[in-house]
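Q: Sending over a structure as structure tokens; questions will come in a sec.
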Ligand code: FNR
């Protein structure tokens, strides 16, 4: 029951030296189906594993005797000056991971001065997220519904709530096959079985929070008024095409990034409808298993779209060194999905703040060691990798 004690929780979070340590705390504190929903990926999880291997294959080049005595980690993305070169990726069902859900994430992002993305599958409404953190840079992620009018309603609500940047996710015509979820018989909300009762005795805080908030309600998702089953079949339009993307572009006059691009061809097509930028992403390895690694796809996409199109990278980022690597390989900005959720599961808002703090410290250290005084100093000349042509 020690986890109910805020001082002990803060001490435990402070002792976590990296995201992996927070992941271990998260695993202890969260029911297995919820932890595995986050931690897992599609199929044999090859794409996710390869994503991690690609980051680990990189050499970052130190630069000595250059007199760099401070590092400025701030950078501009989608018209926003972010204090750090990364933000929080959109994730669905977040209140299943921790009762605070998106509120914990957006408050931590507001304090750190970085963007927070709310998913269409989010478990707090656009308005709740705005009210919780009015000064945060809030982005909205759209899955296009079969019912375009319902999507239009979401866009209008997002606009009214002060969202300036839209991420349109295009890599999910159908959800990927997440085998851990199949094995765990994962359902939302969790069913009361002998297994869940046993779990509750190990993780009283999670269950207490879950049952005493209105989390059960989130099966119907706060941004909608339909049931989960209705929602999923109405939401994922497997026939999503370029005309649909062009239609969204017409409806949204803010910044628009297309999320889920990995190949040169798709990059060119996505940009052809007037997108402002791309999110180079394999959805954290959760969609097409054996899809290319986002990091190694980045140089080709950059070459295709040219130097001026903003590129955001996600998939496999677990450390500050990973963020630095992505920036060197051609990204302008980075999103974190699992790293954020491990922090959230480990300690709600405090846990997310701890993740941000750990990444910031490591980015700063690496930049100082690499003689980089600003984000603009990080480029292909600062790294070596077997997959990077020089
Ligand atoms: C996601 N992701 C995601 N993306 C999206 O566009 N809409 C969504 O609703 C979700 N939901 C979601 C849930 C969970 C549990 C995870 C882990 C991820 C993908 C997410 O935005 C991002 O692309 C990946 O998480 C990036 O990879 P890493 O950082 O998790 O390795």
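Q: Once fully extended, how much extra length lies between residue 247 and residue 160, figured as 0.36 nm per residue of separation less the alpha-carbon to alpha-carbon distance?
A: 29.4 nm
Q: Rg and Dmax of region 1-157, Cα atoms, in Å?
A: 18.8, 60
Q: Here's a follow-up. For the chain, modelled as a GNM with alpha-carbon contacts under 10 angstrom, which of 292, 310, 204 fluctuates the most?
A: Result: 204 has the largest fluctuation of those listed.
Q: Compute the relative contact order of the chain as a whole-number percentage, counting only Cα pairs closer than 8 Å that sit 6 or more residues apart in sequence.
A: Relative CO of the chain lands at 28 percent.
Q: Can you work out the base-10 log of I(q)/I(0) for region 2-372 at q = 0.13, 0.15 1/Å, using the Debye formula on its C-alpha atoms alone?
A: Log10 I(q)/I(0), no solvent term: -1.05, -1.44.
Q: Next up: Obtain the nm distance between the two label points defined at residue 20 and residue 376 by a simple spin-label model: each point lies 7 Å from its Cα along the Cα-to-C-beta direction.
A: 3.6 nm
Q: If we count other beta carbons within 10 Å of each Cβ, what is the order of 66, 283, fewest first? All intermediate terms of the calculation are to be shown ahead of the outcome.
A: Working: 66 11, 283 26.
Least crowded to most crowded, the residues run 66, 283.
Q: Now for a separate question. Convex hull over the alpha-carbon atoms of region 261-390: what's its volume per residue in Å³? Show your work: numbers first, answer last.
A: Details: hull volume 15.8 nm³, N = 130.
Output value, Cα hull per residue: 122 Å³.
Q: For residue 10 and residue 28 in one chain, what is 0.36 nm times their gap in residues minus the Cα-Cα distance, to one decimal in nm?
A: Full extension of this stretch gives 4.9 nm more.
Q: Just to verify a number: FRET efficiency for residue 265 and residue 208, C-beta to C-beta distance, R0 = 35 Å, to 0.05?
A: Between residue 265 and residue 208 the formula returns 0.10.
Q: If you don't mind, another one. How much length is gained if the chain between residue 309 and residue 361 is pulled fully straight, taking 0.36 nm per residue apart and subtracting their Cα-Cα distance, in nm to one decimal?
A: 15.9 nm
Q: On to the next question. For the pair residue 46 and residue 193, what calculated FRET efficiency results from E = 1/(1 + (r/R0)^6), where r is the Cβ-Cβ distance and R0 = 45 Å, to the nearest 0.05?
A: According to the calculation, E is roughly 0.90.
Q: What is the fewest-to-most order of 340, 143, 202 by other Cβ atoms lying within 10 Å of their Cβ? Mind showing how you got there, number by number?
A: Values: 340 31, 143 21, 202 11.
So the residues, fewest neighbours to most, are 202, 143, 340.
A short reminder: the numbers here are calculations on the coordinates, not readings from a lab. This is a predicted model, so every value here is computed, not measured. Glycine gets a Cβ as well: all are built from the backbone with ideal geometry, and neighbour counts include every protein chain shown.
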